[in-house]
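J.: Below is one structure. I have some questions about it.
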Amino acid sequence: MGLWALEALAVLITYSRLEPEALYNVDRGGDLAGGLSRLLTVINYPVALVGIALAAISRGPRPLVWSSIGLCALVAVPRVVDQDDLDARWINALPALGVVLAVALTVAAVRRDGAAFVRRARGDRLRLVLAAVLLVAALPWLAAELGFYFPGDLFLGEEVPPVRDKELPAVHLGFHHGFGGVLLALTALVLSRAPAGRSLRAYLSLMLAYGVANAFQDGWNEQLWKREWVDWSVPSMLRPDIGVGWLAILAGAMAIYALWFSPARER
């Protein structure tokens, strides 16, 4: 939860400090109200997806657990979070309430049972390698979320592509769904080391595959397609659809579960 708390703080500060013109698809910014508005939508997506896992892993009272999961799951309803208009609306309070409840359940579980992570788990070395790769790829997004462009020429940043997506810098300031994908993947890697049943392990497998896919999509388009090194841009995979991207996510999730996250693999 500490990683997500830092994420929330970064979003609040950056969107309170920068004017909307410097950000992406927001009309509010440059003051505390703008920062809180964007923070609320980030708590909806991607944080609510983590809230589902936290509520399930807490093993708290069933009515509270299912209430939290149901509220968090509202983020999947179309236009609850509108990528073309990322200012907060009243509906965004409901998934945020689910996240608050999930955090409360998690805190209660830790106080009751302690942190239930195993000391060693199958695939820990792979977890470390994958986490390191994701964090390196996330450097330009991390800088953007803190309100500046990553220095040097290794990554595109403030450069405005001459042909593709000419209206914006290659890596706009503020939150990126690619960085959200990285955080979701890192969270899945951590939570997969806690004792959990098949359903939760399957959800964490999907979270990892989904997070990696969205990080790949955003990074590919920003760092390769906008440089005109490749002609094919990876389509959005934020929402489920019938397409190659989501078929790959589902196939990846099934492989992760069968070969890595399945409880049977821990025996």
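J.: Take the conditions small (Gly, Ala, Ser) and assigned to a loop (DSSP other than H, G, I, E, B) and apply them to residue 174. Does it pass?
T.: Details: small (Gly, Ala, Ser): yes; assigned to a loop (DSSP other than H, G, I, E, B): yes.
So residue 174 passes the test.
J.: I would also like to ask the following. Among the listed residues 220, 232, 246, identify the single one that is exposed (fewer than 13 other Cβ atoms within 10 Å of the Cβ), without any contact (Cβ under 8 Å) to a residue 60 or more places away in the chain and of a type outside the set (S, T, N, Q).
T.: Values: 220 fails: exposed (fewer than 13 other Cβ atoms within 10 Å of the Cβ); 246 fails: exposed (fewer than 13 other Cβ atoms within 10 Å of the Cβ).
None of the other options fit; the residue is 232.
J.: In addition: How about the range 1-114: which helices (runs of 4 or more DSSP H) wholly inside it have at least 3 residues that are within 22 Å of residue 186 (Cβ to Cβ) and modelled with pLDDT under 95? I'd like the intermediate steps shown before the answer.
T.: Values: elements: 2-17, 32-42, 48-58, 62-73, 93-113.
Those helices (runs of 4 or more DSSP H) span 2-17, 48-58, 93-113.
J.: Does residue 211 satisfy the criteria of being touching a residue at least 24 places away in the same chain (Cβ under 8 Å), in a loop (DSSP other than H, G, I, E, B) and under 19 Å from the mean Cα position of the chain (by Cα)?
T.: Judged against the criteria, residue 211 is not a match.
J.: Any residue in the range 1-13 that's in the same structural domain as residue 39 (by TED's automatic domain parsing): show its pairings with residues that are acidic (Asp, Glu) and crowded, with 17+ Cβ neighbours inside 10 Å at Cβ separation under 8 Å, as long as the two are six or more apart or on different chains.
T.: 7/145; 10/145; 11/145
The values are calculated or read from the model by the stated rules, or taken from the named source; none is laboratory data. It should be emphasised that the depicted structure is a prediction, and the values quoted were computed from it without experimental measurement. Note that we place each Cβ from the backbone using ideal geometry, even for glycine, and neighbour counts take in every protein chain shown.
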